[in-house]
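Okay, so here's the structure we're looking at.
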Amino acid sequence: MLSRLFAPKVKVSAHCDLPCGVYDPAQARIEAESVKAVQEKMADNDDPHFQARATVIKEQRAELAKHHVSVLWSDYFKPPHFEKYPELHQLVNDTLKALSAAKGSTDPATGQKALDYIAQIDKIFWETKKA
């Protein structure tokens, strides 16, 4: 009797952990845009206190961007996505490496490179949402 009382009434399934509306590469893009913006501001300000604070902010934002990309890779993208887009594993790896490079650099070109990779992930992501 208890097993019937506590048995699920409705079965649901989804290809991701939660309904897909919670995932969006925009989160990674916003953080990566912050990294690049900080890099640009660092080039225009020689104050050592500003440089120290900017470095901390840049590194935090790069880590957040890496986190968002990693969550997409581990929680959103599933085997059918990797089959359809075989370049996705390498793209995510390249993106994470680019974000690490931007984290350790003051050159806005490194921030832009990370943004370019995120744009490629974004394109694939939205193609998967159409299916």
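Numerical summary
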quantity: Quotient of C-alpha Rg and 2.2 N^0.38 Å, computed over the stretch 40-109; calculated: 1.42
quantity: For Lys129, solvent-accessible area (1.4 Å; no DNA, RNA or ligand), Å²; calculated: 70 Å²
quantity: At 0.890 mPa s and 25 °C, Stokes diffusion of the stretch 88-131 via Kirkwood alpha-carbon radius, µm² per second; calculated: 227 µm²/s
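The values are calculated or read from the model by the stated rules, or taken from the named source; none is laboratory data. Because the structure is predicted, anything quoted here is derived from the model rather than measured. Protein only, heavy atoms only, side chains kept; ligands, DNA and RNA dropped before computing areas. Shrake-Rupley method; radii C 1.70, N 1.55, O 1.52, S 1.80 Å.
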